[in-house]
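Participant: Okay, handing you the structure first.
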Amino acid sequence: MDLLTVPAGIKGILRCFQQAGYEAYLVGGCVRDTLIGRVPGDWDICTAALPEQTIALFGRTVPTGLRHGTVTVFYGGVQAEVTTFRVDGGYSDHRRPDEVRFTDRLEEDLSRRDFTINAMAMGLDGQVIDLFGGQDDLRQRVIRCVGDPDIRFQEDALRMFRAFRFAAQLGFSSAAYNAIRRNAHLARFVAPERICVELEKTLLSPRPEFVQSMVRYGLLDAFLSRTDVSLVWNTASPPEKALRWAQFCAAFRAAGAVDDIGGFLRSLRVDGHTTRLCEKAMEITAAPFPTDDAGLRRLIARYGPEAVRCAACTVGGLFRVEAVLASGACLDLAHLAVSGADLQVLGYQGPALGRALQRLLDAVLEDPSCNHRETLLQRLQQEVPHD
Ligand code: ATP
Ligand code: MG
């Protein structure tokens, strides 16, 4: 394979190891992605050098996970996660190895990895070290465990979520579905934070509907009030975090699988901002979604553009909301053609001033063309006294 797409700094790190006499390879996701022409999200390197030897070799390092032998190396304008070849010891909690042991054998390091497509290494010479048929599986578009899938999922139940996540990202199928069905009950050993990461990657993938498979196979049982559900996905929304989580919530709510959306997202450790947007989106869509632009403008003024985009996305109305947002219409007090100071001159004060501004905003939301200073001031003067 050619290394043309590998950044010079990453090749530089491999060369430093080589010159110091340590074996070192690109490994895992970056090899997989490079082989299929995707841009890797991060660069992982495995090496025979021990963490302290890696630290001694490079000027700038951060000991990111020394217990697992991982050091982040900054070099030539890039960074890589460098991990010493290791073997994982027993897994008594179905999640993390009880102990890790360093080894000087690449084969051992590759065999601890989850899937064949993630268990390939590549050296500076561009040669791919593929002991488990990863390249064949890439060609056949299949997610296959390294070794016996039952054992691998019992060791670490997070791998079941990863199987669906990679299937969703890559458009592959999995050879491990039956084993996932047999081991799904172990999902409860996985920390919600880790489940959240995999769910989010799935939601942001080209195939967010794969979360449906996670539900169907029982991986989310601990979070749901009903699991015999069929989720319906609105098609193609932009791959934005809040939009996709909102669709996720809408699908679960429609299926009657979740009673309290906020509680559900919090139990999954979804971040607070996204949770609040989804809660608002669910509140908005509990009522019929406006069919006219004035209704959309009122909704945006009340809930904010982000929440309304989320809500719209779940009912297939995102393009209409985008059009309203792009129209330049005034949607909040900050863009009203008159200010509090203007109204003070007219003798308005305190709460009466606030109410007057709100009435003007309501008028402008109804008819954006009246957002002119003179028109609005005139309008106020013609009002029947309110306060
Ligand atoms: P991404 O594109 O999301 O970064 P990735 O394959 O690089 O995908 P990482 O989570 O960055 O995934 O992990 C890097 C590599 O470490 C994987 O490719 C795999 O070889 C190994 N790995 C990660 N998590 C596990 C796990 N739970 N069990 C076994 N191997 C794992
Ligand atoms: Mg990675």
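The values are calculated or read from the model by the stated rules, or taken from the named source; none is laboratory data. Bear in mind that the values here come from a model prediction, so they are computed numbers and not experimental data. Every residue, glycine among them, receives a Cβ derived from its backbone with ideal geometry; neighbour counts consider all protein chains shown. Surface accessibility is based on the protein's heavy atoms, side chains included, excluding ligands, DNA and RNA. Shrake-Rupley method; radii C 1.70, N 1.55, O 1.52, S 1.80 Å.
Participant: What is the antiparallel percent of DSSP beta bridges lying wholly in the chain, to the nearest 5?
Facilitator: Working: 21 of 27 bridges.
Given both bridge residues lie in the chain, the antiparallel proportion sits at roughly 80 percent.
Participant: May I ask you to derive the relative contact order of the chain, considering only C-alpha pairs under 8 Å and at least 6 residues apart, and to give it as an integer percent?
Facilitator: Values: 606 pairs, mean separation 34.0, N = 387.
The value is 9 percent.
Participant: So for the range 217-338, averaging the separation of alpha carbon pairs under 8 Å that are six or more residues apart and normalising by length, what relative contact order in percent results? Spell out each step's value before the answer.
Facilitator: Numbers: 117 pairs, mean separation 30.2, N = 122.
Once normalised by length, the contact order is 25 percent.
Participant: Something else: Rounding to the nearest 10 and keeping the result within 0 to 90°, find how far the Cα-based axis of helix 305-314 lies from the longest principal axis of the chain.
Facilitator: Tilt of helix 305-314: around 70 degrees.
Participant: Cα-based Rg (one decimal) and Dmax (whole number) for the chain, in Å?
Facilitator: 27.4, 88
Participant: Angle check, please: helix 8-19 long axis (alpha carbons) against the longest principal axis of the chain (alpha carbons), in degrees 0 to 90, nearest 10.
Facilitator: 20 degrees
Participant: For the range 213-272, just run the numbers: alpha carbon Rg, then divide by 2.2 N^0.38 Å, N being how many residues it has.
Facilitator: On the way: Rg = 11.3 Å, N = 60, 2.2 N^0.38 = 10.4 Å.
Relative to the rule-of-thumb radius for its length, the range 213-272 sits at 1.08.
Participant: Still on this structure, please answer the following. Could you check how much of the accessible area of the range 92-172 is carbon and sulfur, as a whole percent, using a 1.4 Å probe? Please list the in-between numbers first.
Facilitator: Working: 1330 of 3250 Å².
C and S atoms contribute 41 percent here.
Participant: How much space per residue, in cubic angstrom, does the convex hull of the C-alpha atoms of the range 323-387 take up? List each step's numbers first, then the result.
Facilitator: Working: hull volume 5.1 nm³, N = 65.
Given the Cα convex hull of the range 323-387, per-residue volume reads 78 Å³.
Participant: If you don't mind, there's one more thing I want to ask. Grab the DSSP H runs of the chain that are 4 residues or longer, score each as -39,500 (n - 2.57), total them, divide by all residues and round the 222 nm result to the nearest 500 deg cm²/dmol.
Facilitator: Numbers: 19 runs with 183 residues, N = 387.
Here the helix-only value at 222 nm equals -13500 deg cm²/dmol.
Participant: While we're looking at this one, here's another question. For the range 11-80, what relative contact order do you get, as a whole percent, if you take Cα pairs closer than 8 Å and at least 6 residues apart?
Facilitator: On the way: 86 pairs, mean separation 18.0, N = 70.
That works out to 26 percent.
Participant: Is the shape of the range 156-304 rounded, prolate or oblate, going by the alpha carbon gyration tensor and its root eigenvalues a ≥ b ≥ c, with a/c under 1.5 for rounded and a/b larger than b/c for prolate?
Facilitator: Details: a/c = 2.15, a/b = 1.86, b/c = 1.16.
It comes out prolate by the Cα gyration axes.
Participant: Pop out the ³J(HN,Hα) list for the range 373-380 in order, Karplus 6.51 cos²θ - 1.76 cosθ + 1.60 with θ = phi - 60°, rounded to Hz; leave Gly and Pro as x.
Facilitator: Whole-Hz 3J(HN,Hα) from phi for the range 373-380: 3, 4, 4, 6, 5, 4, 4, 4.
Participant: Moving to a separate point now. Starting from the Cα of Arg101, move 7 Å in the Cα-to-Cβ direction to define the label point; list residues of the range 128-149 whose amide nitrogen is under 20 Å from there.
Facilitator: 147-148
Participant: Helix 293-303 sits at what angle to the longest principal axis of the chain, using alpha carbons and giving 0 to 90 degrees rounded to 10?
Facilitator: 70 degrees
Participant: Can you tell me the accessible area per residue over the chain, all protein chains present, probe 1.4 angstrom, in square angstrom?
Facilitator: Values: 17980 Å² over 387 residues.
Solvent-accessible surface per residue comes out at 46 Å².
Participant: How many nm separate the modelled label positions at Ala337 and Arg182, each set 7 Å beyond the Cα in the direction of the Cβ?
Facilitator: Output for this residue pair reads 7.3 nm.
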